[in-house]
Amino acid sequence: MHFQVLVAGRPRPVELVLGRARDLRAISLWRAPAAVAARPAIRDTIEFARLASKRHRHYLRSILTATSLGEFQAIITGSSQAEVALLLLARADWFPRSPIIGLAQCRRTYCHHIVLEFLSVHPAIVGGIEPEIRGVGKGLVYALVELSGATGVPLIWGEATANSASFYSRILATPGVQDHFFIRGNTLERCRQQFRRILFGKLD
Amino acid sequence: MKKEEKVSEEEMIRRLKEFTADEDYFPGVLGNPVTVAARWGLPLSKSYRDFKAKELAAQKRRWTKMKNGKPAGRPRRKAAAT
């Protein structure tokens, strides 16, 4: 699975994978560039990287965890009410600071919905360190929508915060998002179309 | 089956620029590390806890008003007796 982001104004591909145990080390090694390290948003990205790494390690030992789309489909075919952990990773071999530039920690619930638990982008990208990279955060949300649509998940939901509500409102074209969001129906379908048409995304 | 759309690089850049305009609103993370950690029973790192404690103390200072209605600042040292 992949999509395109803008790097210093030029398109570059980002590969999407479901995280495995070996990816957790790369995530826990995210570091903030000194120039932006004190910013609250940067501290949050680092803390989420640590939490994602710990939480996914815990999930790997305690609930079913899908490490590929095929495995995800096999699990839900075999056990329709299974809770399945998913760590969606954006990988970029051209990014010098880390092979992983963003992550979304999610869980498939027993009634075949997906909960977006949190999402974080590499601190150097959030801090605007050169080269400017745009589209990772929105791309990850849209990739999750595409993954959901492709596996017949009718609803993605999650908690919005004071910092993220306006972002969800804009990217989902749903005014007035407060402390929760639902992606379903026409919104889900529109995001899937845009993932393919504008982000040149594909589930391959 | 739909044929794959052929798009020039200029058109690709134009679409991506328009699409990523929303990134100005992206806060860097979606979620709150403190509530997520609490919900999952995971410890926050010491440096992050210290950072949040300082942030909270600064917030409290802003909210706290002295009896005369002026914002409370740092406690002033008494002038040394001469």
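The values are calculated or read from the model by the stated rules, or taken from the named source; none is laboratory data. Quick caveat: nothing in here was measured; it's all calculated off a predicted structure. Every residue, glycine as well, gets a Cβ built from its backbone with ideal geometry; the counts of neighbours run over all protein chains shown. Surface accessibility is based on the protein's heavy atoms, side chains included, excluding ligands, DNA and RNA. Shrake-Rupley method; radii C 1.70, N 1.55, O 1.52, S 1.80 Å.
Somewhere in the range A:34-49, is a residue open to solvent by less than 50 Å² (accessible area, probe 1.4 Å), within 14 Å of another protein chain (Cβ to nearest Cβ), hydroxyl-bearing (Ser, Thr, Tyr) and over 21 Å from A:Met1 (Cα atoms)?
Yes, because at least one residue in the range A:34-49 is open to solvent by less than 50 Å² (accessible area, probe 1.4 Å), within 14 Å of another protein chain (Cβ to nearest Cβ), hydroxyl-bearing (Ser, Thr, Tyr) and over 21 Å from A:Met1 (Cα atoms).
Of all residues being more than 18 Å from the chain's Cα centre (by Cα) and over 21 Å from A:Leu103 (Cα atoms) in the range A:153-178, which is surrounded by the fewest Cβ atoms within 10 Å (Cβ to Cβ)? Just the residue, please.
For the range A:153-178, the residue satisfying everything is A:Gly176.
Across the range A:99-126, what is the total count of residues that are of a type outside the set (Phe, Trp, Tyr), more than 16 Å from the chain's Cα centre (by Cα) and surrounded by fewer than 19 Cβ atoms within 10 Å (Cβ to Cβ)?
Of the residues in that region, 3 qualify.
Test B:Glu11 against the stated conditions and say whether it is more than 9 Å from every other protein chain (Cβ to nearest Cβ), in a helix (DSSP H, G or I), open to solvent by less than 100 Å² (accessible area, probe 1.4 Å) and of a type in the set (D, E, K, R).
Numbers: more than 9 Å from every other protein chain (Cβ to nearest Cβ): yes; in a helix (DSSP H, G or I): yes; open to solvent by less than 100 Å² (accessible area, probe 1.4 Å): yes; of a type in the set (D, E, K, R): yes.
Answer is yes for this residue.
Count, please, the residues in the range B:28-63 that happen to be at the interface with chain A (Cβ under 10 Å from one of its Cβ atoms), over 13 Å from the mean Cα position of the chain (by Cα) and part of a helix (DSSP H, G or I).
7
Among the residues of the range A:149-162, how many are touching a residue at least 40 places away in the same chain (Cβ under 8 Å) and at the interface with chain B (Cβ under 9 Å from one of its Cβ atoms)?
Looking only at that region, the number is 1.
Can you tell me which of (1) exposed (fewer than 12 other Cβ atoms within 10 Å of the Cβ); (2) under 22 Å from A:Tyr142 (Cβ atoms); (3) small (Gly, Ala, Ser) is the one B:Gly41 doesn't meet?
B:Gly41 satisfies every listed condition except (2).
In the range A:84-98, is there at least one residue being in a helix (DSSP H, G or I) and open to solvent by 60 Å² or more (accessible area, probe 1.4 Å)?
no
How about the range A:163-201: which of its residues are at the interface with chain B (Cβ under 10 Å from one of its Cβ atoms) and in a strand (DSSP E or B)?
Hit for the range A:163-201 is A:Phe181, nothing else.
Hey, can you tell me all the residues within the range A:15-33 that are open to solvent by less than 30 Å² (accessible area, probe 1.4 Å) and either within 12 Å of chain B (Cβ to nearest Cβ) or part of a loop (DSSP other than H, G, I, E, B) (or both)?
Answer for the range A:15-33, where residues must be open to solvent by less than 30 Å² (accessible area, probe 1.4 Å) and either within 12 Å of chain B (Cβ to nearest Cβ) or part of a loop (DSSP other than H, G, I, E, B) (or both): A:Gly19, A:Trp30, A:Pro33.
Taking the options A:Glu130, A:Glu146, name whichever one is in contact (Cβ under 8 Å) with a residue 60 or more places away in the chain, more than 8 Å from chain B (Cβ to nearest Cβ) and not in a helix (DSSP H, G or I).
On the way: A:Glu146 fails: not in a helix (DSSP H, G or I).
Within the list A:Glu130, A:Glu146, the selection yields A:Glu130.
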